[in-house]
1. Explain nothing, just compute: Karplus ³J(HN,Hα) = 6.51 cos²θ - 1.76 cosθ + 1.60, θ = phi - 60°, for every residue of segment 83-100 in order, whole Hz, x for Gly and Pro.
2. Normalised by the number of residues in segment 5-157, what is the relative contact order in percent for Cα pairs under 8 Å and 6+ residues apart?
3. Where nothing but the Cβ of Lys and Arg (+1) and of Asp and Glu (-1) is charged, how large is the charge dipole of the chain around its Cα centre, in debye to the nearest 20?
4. Based solely on its DSSP helices, what 222 nm [θ] is calculated for the chain when runs of n ≥ 4 H residues each add -39,500 (n - 2.57) and the sum is averaged over all residues, nearest 500 deg cm²/dmol?
5. To test your reading of the geometry: what angle, between 0 and 90 degrees and rounded to tens, separates the Cα axis of helix 5-16 from the longest principal axis of the chain?
6. Identify, among 4, 46, 83, the residue whose Cα sits farthest towards the positive end of the charge dipole of the chain, taking +1 on the Cβ of Lys and Arg and -1 on the Cβ of Asp and Glu, with the dipole about the Cα centre.
7. What residue among 121, 59, 146 has the largest mean-square fluctuation in a Gaussian network model of the chain, using Cα springs under 10 Å?
8. Please turn the phi angles of segment 103-112 into ³J(HN,Hα) values with the Karplus equation 6.51 cos²θ - 1.76 cosθ + 1.60 (θ = phi - 60°), one per residue in order, whole Hz, x for glycine and proline.
Amino acid sequence: MDYHITVSKIINLLKENDLWFETFEHEAVRTSEEAAKTRTGYSLKQGAKALIVRVKKSSEKYFAMLVVPADQKFDNVKVKKLLTAKDIRFATREEVKEITGGIDFGGVPPFGNIFGLKVISDPSLFSNEKIVFNAGDRRFSIAMMSKDYKMLVKPEIKNII
């Protein structure tokens with residue numbers, strides 16, 4: 001199958017660093033719940049949900065990535081306070097595609113560093129030994145060790161749920 005180029009970027013990064021991972025090819029999924037059903041041996045809680053948000057400060061606007069367990073939602077108030085933002089909102093479908101080189105909602109991987117985004121992960125994500133996520137395509141998932149994710153992406157770890 002022909003997947004988005006980000007899939008091979010992430011696989012190459014994992015191989016170059018000699019890290020354990022496994023892959024899943026499946027029907028296109030859009031939600032974390034749909035994805036969890038396709039990943040045998042993994043729970044919804046192990047899903048790493050990547051959300052791109054637009055952060056607005058007084059005169060500055062930028063995009064950031066929030067990563068939370070797939071069974072959770074981020075707390076808007078906590079994130080606004082953490083980022084000292086006037087407002088935050090989800091990036092639109094068009095903004096997500098522009099930032100990620102064409103990845104659609106539901107396919108965005110938690111590797112915001114690949115796209116030049118600041119990445120903030122909730123510490124609860126790392127209570128899982130392994131995490132799993134769509135890897136740049138809604139038809140392809142990768143599972144990896146959460147400690148390896150932390151080492152590769154170097155997210156800011158803050159309570160955001």
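1. Using θ = phi - 60°, the values come out as 8, 6, 9, 6, 8, 9, 8, 5, 5, 6, 4, 5, 5, 4, 4, 5, 5, 9 Hz.
2. Relative CO of segment 5-157 lands at 29 percent.
3. Values: 27 positive and 21 negative charges, 160 e Å.
I would put it at about 760 debye.
4. Numbers: 5 runs with 42 residues, N = 161.
Estimated from H runs of four or more residues: -7000 deg cm²/dmol.
5. Between helix and principal axis, roughly 70 degrees.
6. Value computed over the given set: 83.
7. In this elastic network of the chain, the residue with the biggest mean-square fluctuation among 121, 59, 146 is 59.
8. Each residue of segment 103-112 in turn: 6, 8, 3, x, x, 5, x, x, 9, x Hz.
Any read-out appearing in this document is the output of simple, stated calculations on the displayed coordinates, not a laboratory observation. Please read all numbers here as calculations on a predicted model, not as lab measurements. Don't worry about glycine lacking a Cβ; one is built from the backbone with ideal geometry, like all the others, and counts go over all protein chains shown.
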